[in-house]
Amino acid sequence: MPTADEVKARIESGIPGAEADVTSDDNVHFSARVVAAEFAGLNLVEQHRLVYAIFEDGELGGSIHALALTTETQ
């Protein structure tokens, strides 16, 4: 199971320049606030897809049961 710090590192390495704040009480359900210049011009669904694309097939819904996102542009 990944930790909140591992999820944060994955997001920040997958979206260069992004800043992520990730929390989890059980290392299965995560909440993340992600701020990235790359989100500029994208709608909310496109921003979330960009984050979800970082994770491997089956990882979301598997070892990461849930990832609640809040996304913002820099």
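Computed from the coordinates by the stated procedures, all read-outs in this text should not be read as laboratory data. Keep in mind that what you see is a predicted model, and the values were worked out from it rather than measured. When we count neighbours, we look across all protein chains shown, and the Cβ atoms used for this are built from the backbone with ideal geometry, even at glycine.
Here are the numbers for this structure:
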{"read-out": "2 or more residues hydroxyl-bearing (S, T, Y): qualifying strands (runs of 3 or more DSSP E) within the chain", "value": "19-24, 66-72"}
{"read-out": "Index of the failed condition, E59 passing every other in (1) touching a strand residue (DSSP E or B) at 6+ places or on another chain (Cβ under 7 Å); (2) free of Cβ contacts under 8 Å to residues at least 24 places away in the same chain", "value": "(1)"}
{"read-out": "Neighbours by Cβ (under 6 Å, 6+ apart or cross-chain): first from segment 24-47, touching a residue at least 24 places away in the same chain (Cβ under 8 Å); second among the aromatic types (F, W, Y) and surrounded by 15 or more Cβ atoms within 10 Å (Cβ to Cβ)", "value": "Q47/F39"}
{"read-out": "Residue in segment 38-74 that is surrounded by the fewest Cβ atoms within 10 Å (Cβ to Cβ), counting only those that are β-branched (V, I, T) and closer than 17 Å to S13 by Cα", "value": "T73"}
{"read-out": "Tabulated pairs, segment 1-17, first surrounded by 13 or more Cβ atoms within 10 Å (Cβ to Cβ), second of a type in the set (S, T, Y) and in a loop (DSSP other than H, G, I, E, B), C-beta under 7 angstrom, 6+ apart or interchain", "value": "P2/S63"}
